[in-house]
1. Helix-derived [θ] at 222 nm for the chain: sum -39500 (n - 2.57) over DSSP H runs of at least 4, divide by residue count, nearest 500?
2. Just rank Lys371, Lys384, fewest to most, by other beta-carbon atoms within 10 angstrom.
3. Which is farthest toward the positive dipole end of the chain among Pro391, Gln138, Val444, measuring Cα position about the Cα centre, with Cβ charges +1 (Lys, Arg) and -1 (Asp, Glu)?
4. Listed highest first by mean packing, meaning other Cβ atoms within 10 Å per residue, what order do 294-307, 412-425, 68-81 come in?
5. Please label the shape of the chain as rounded, prolate or oblate, based on the square roots a ≥ b ≥ c of the eigenvalues of the alpha-carbon gyration tensor (a/c under 1.5 means rounded; beyond that, a/b larger than b/c means prolate, else oblate).
6. Gain in length, Leu399 to Glu449, computed as 0.36 nm per residue apart minus the alpha-carbon separation, to one decimal in nm?
7. What is the distance in Å between the Cα centres of region 357-411 and region 1-80?
8. Report, in whole Å, the centroid distance computed from the Cα atoms of region 82-152 and region 307-353.
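Bear in mind that the values in this text are calculations on the coordinates, not laboratory data. Since the structure is predicted, the reported quantities are computational estimates derived from the model, not experimental observations. Here the Cβ is made from the backbone with ideal geometry for all residues, glycine too, and neighbour counts use every protein chain on show.
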Amino acid sequence: MKRLYFGTDGVRGPYGGPLVNEVFFARLAAAAVKWLQSPAQGGPKKGNTFRVLIGRDTRGSGLALEHAVACGLNSVGAQAISLGVLPTPAVPIAVMATDADLGIVITASHNAATDNGIKFFDSNGRKLSDADESAIEQQLGAPVDITPATLTSSDAAIADYIGTVRSILPPKALADWCIVLDTANGAACFTSPVVLRSLGAKVVAIGGTPDGTNINAGVGSEYPQTLAQTVLSVGAQLGIAHDGDGDRCVLCDEKGVVLDGDEILTILALHTLKEGKLANKILVVTVQSNIGVDAAVSAEGGQVLRTSVGDRYVIERMIAEGASLGGESSGHIICADVSKTGDGLVAALKVLEVMLATGLSLSQLRTRLRKYPQATSALRVVEKLDLVSCPSLSKAIVLLQSELAQNGRVLVRYSGTEPKIRLLVEGPDSATVNDGIARLESAVRLDLEVL
């Protein structure tokens, strides 16, 4: 059944809009508990109530939405427990550590402070499936009164998360290292610098002063320019950038060159393949990843499997295939031996582990991936029409795919969280891919109303 409200990664949009507001979030939280109480999920708990953990990022709207979520949970008899501000990946760890029934994160990830959103994690620490989200939508009832809520607080989750990820590297493993860290004025401000400094690193901080309005504002994984400049100016070994909720990782090498998720995944996959630790020799990526990843991994005896865009689809495929590593080019990296969801700090520490083990710099490690030339574009559209009803675009896609044959690929899809159509062309050279993108854009404008 098609979902009406959930997108690629939860529900997201402008705060105060039709989906992101106190009334709807209260209804959604109540619906999630009703879903847990349904026979398909095991029915009501005997002898106690459902316990739900709530985390949030640093957006100014987070507190009001958290209160509304608690009201919704209380309205159906569930206990609401606030974990405060902490990275998204810390919530599923807390859910599993405390045997909670559900985890909720109030965040709009890499979006601007004017947006907010909500994500759900089940009792196993995994993001909900499309079917689960559809089932929750079917449980949406009448508006819930936004009255004073019973909301208890716990600060143990941050300490547990820090302890879990810090154990990836030996004590003081980063002594004499200088690392530039951009936490996007977001939730990772209170965890990533603590972990890196506890491992002995000198941390040069960027985007570490959240005020409720500056999350992702020219900083973080979406804006790595300042990170690269700072790495060069202070002579750091590398730079690390997160997004607002801390589940993404973008790196910068010592020469000021930015590495995306594809390069990070390739570094980790090739190292674990060599060590015999890449489960089933499989790396899971999305259709967005560069086909150079496939070439690099297959050359070392591994296999790359692809999914739709969205880290939860990557996770679902990883579970089905028994894989231990997967992610997206955007920087969502899932290292299943540590976390069941994307974790920007875990990904960074895993790369640091490779650097320590090999003695190689990040600029040396990144050369293992030879990317095919790629061009991308994102056009805002008034309406997301079915692509089969877009004749000019459909014809342009077929023709371009035929021209590229085995030397490239074309990807056209709608964003799951924004009113945009996303275009991607990979090919043998820059001129070919740039021409391809221009042709696709022209076709889009013939079939769709572009803003």
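1. Working: 14 runs with 161 residues, N = 451.
Result for the chain: -11000 deg cm²/dmol, rounded to the nearest 500.
2. Details: Lys371 17, Lys384 12.
Going from least to most buried by this count: Lys384, Lys371.
3. The Cα lying farthest towards the positive end belongs to Gln138.
4. On the way: 294-307: 17.2, 412-425: 19.2, 68-81: 23.1.
Peptide ranking by packing, descending: 68-81, 412-425, 294-307.
5. Numbers: a/c = 1.64, a/b = 1.16, b/c = 1.41.
Oblate, since a/c reaches 1.5 and b/c is not below a/b.
6. Numbers: separation 50, 0.36 × 50 = 18.00 nm, distance 2.24 nm.
Gain in length upon complete extension: 15.8 nm.
7. Region 357-411 and region 1-80 have Cα centres spaced 36 Å from each other.
8. When both Cα centres are located, 20 Å separates them.
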